[in-house]
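Here is the structure we will look at.
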Amino acid sequence: MPEDIKQCPLCHSEKSSLFDRRQFRGHQVVNCLCENCGLVYQSPRMTPAELDEFYTREYRLVYQGAEGPTPRDLFVQNNRAASLLEFLAAQDIRPQRYLDIGASSGILLQRFTERFGCTAVGIEPGEAYRAYAQEADFTVYADIADLRDAGEAAFDLVSMAHVLEHLPDPVAFLADLRGDVLTPSGVILIEVPNLYAHDSFEIAHMTSFSAHTLRQVLAQAGYEIIFLKKHGRPRSKLLPLYLTVLARPALSYELGVRGERLVALKRRAGMLRRRVLTKLLPRRAWVPGIYPRE
Ligand SMILES: [Zn+2]
């Protein structure tokens with residue numbers, strides 16, 4: 001049975017209101033708005049055990065008969081890798097030890113190694129995907145506990161592309177990386193869907209971030225932001241579908257969460273803008289090709 005989330009995952013307030021209710025591939029998805037800080041999060045939601053089962057079932061359904069990732073998957077991941085590499089190049093980041101959390105088929109590991117000549121290690125819970133990345137000779141662990149058990153040294157770049165929104169407790173997860181997984185002078189690269197342009201409300205998305213709430217999550221986890229960019233790459237030239245952020249461990253903590261206001265209004269305005277641009281400039285709003293809209 002899905003469980004009610006009693007406290008906001010960001011500010012721990014118990015006051016929330018209904019934000020969105022919809023069907024997603026046969027599942028009811030309900031998102032709440034924290035009345036204190038403005039975070040949008042799924043509640044009730046599947047328990048961690050139910051989520052595991054869900055991933056397994058969906059996975060089999062989608063990849064029936066295929067031993068590894070599909071060509072479409074690899075295409076999307078290749079394009080995403082190119083976009084993330086550009087962001088890093090613009091900031092003059094050159095990692096020596098790189099960790100990709102949610103490494104999937106290992107495309108980022110491959111592209112980052114080619115570009116930087118760095119050591120690249122992955123974490124990927126999905127068995128078939130992990131095996132695929134391991135075939136390319138990368139070290140890929142099932143989870144952080146296994147990485148720690150193996151005694152891996154800390155990394156100066158950690159990436160999490162489309163991972164943070166899936167985690168039940170994003171603040172605790174990010175805080176846990178500081179110190180032994182990320183070096184004190186290391187940087188973390190995160191990409192998530194943007195609540196104000198992306199459909200967002202999928203069954204596996206525990207949290208739907210705006211730029212504001214993403215900043216607050218990072219601050220509470222002890223990070224300071226180097227840059228944050230709203231963009232549509234590689235799917236759109238116009239719509240800010242994604243938030244990409246580069247951050248590093250902060251020297252001083254920012255105490256208390258700064259709340260966001262008018263979240264429902266901003267969501268409505270953002271989705272209206274998306275509909276208008278899709279109608280007026282369809283080929284710029286959605287890059288033609290194999291992408292489904294998001
Ligand atoms: Zn809150």
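The values are calculated or read from the model by the stated rules, or taken from the named source; none is laboratory data. Keep in mind it's a predicted model, so treat the numbers as computed, not measured. Heads up, the Cβs are rebuilt from the backbone with ideal geometry, glycines too, and the neighbour counts pull from every protein chain shown.
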Item to complete: Consider Glu152 carefully, then state whether it is charged (D, E, K, R), at pLDDT 95 or above, surrounded by fewer than 22 Cβ atoms within 10 Å (Cβ to Cβ) and outside any helix (DSSP H, G or I).
Response: yes
Worksheet item: When Pro71 is evaluated against the numbered criteria (1) in contact with an Asp or Glu (Cβ under 9 Å, 6 or more places away or on another chain); (2) more than 16 Å from the ligand (Cβ to nearest atom); (3) at pLDDT 75 or above, which criterion, by number, is the only one it fails?
Response: (1)
Discussion item. Go through the stretch 38-58 and report how many residues are away from the ligand (no atom under 16 Å from the Cβ) and within 21 Å of Val263 (Cα to Cα).
Written reply: 1
Discussion item. Looking at the stretch 212-230 only, could you name the residues that are buried (at least 19 other Cβ atoms within 10 Å of the Cβ) and within 14 Å of the chain's Cα centre (by Cα)?
Written reply: Thr213, Leu214, Arg215, Val217, Leu218
Worksheet item: Are any residues in the stretch 19-37 under 21 Å from the mean Cα position of the chain (by Cα), outside any strand (DSSP E or B) and within 10 Å of the ligand (Cβ to nearest atom), and if so, which ones?
Response: Cys37
Discussion item. Yes or no: the stretch 282-291 includes at least one residue that is in contact with a Leu (Cβ under 7 Å, 6 or more places away or on another chain), closer than 22 Å to Thr207 by Cβ and either acidic (Asp, Glu) or in contact (Cβ under 8 Å) with a residue 12 or more places away in the chain (or both).
Written reply: no
Worksheet item: How many residues does the stretch 1-18 contain that are surrounded by fewer than 15 Cβ atoms within 10 Å (Cβ to Cβ), within 8 Å of the ligand (Cβ to nearest atom) and more than 22 Å from the chain's Cα centre (by Cα)?
Response: 0
Practice prompt. Would you check which residues across the stretch 247-265 are more than 16 Å from the ligand (Cβ to nearest atom), surrounded by fewer than 21 Cβ atoms within 10 Å (Cβ to Cβ) and not aromatic (Phe, Trp, Tyr) and list them?
Written response: Arg248, Pro249, Ala250, Leu251, Ser252, Leu265
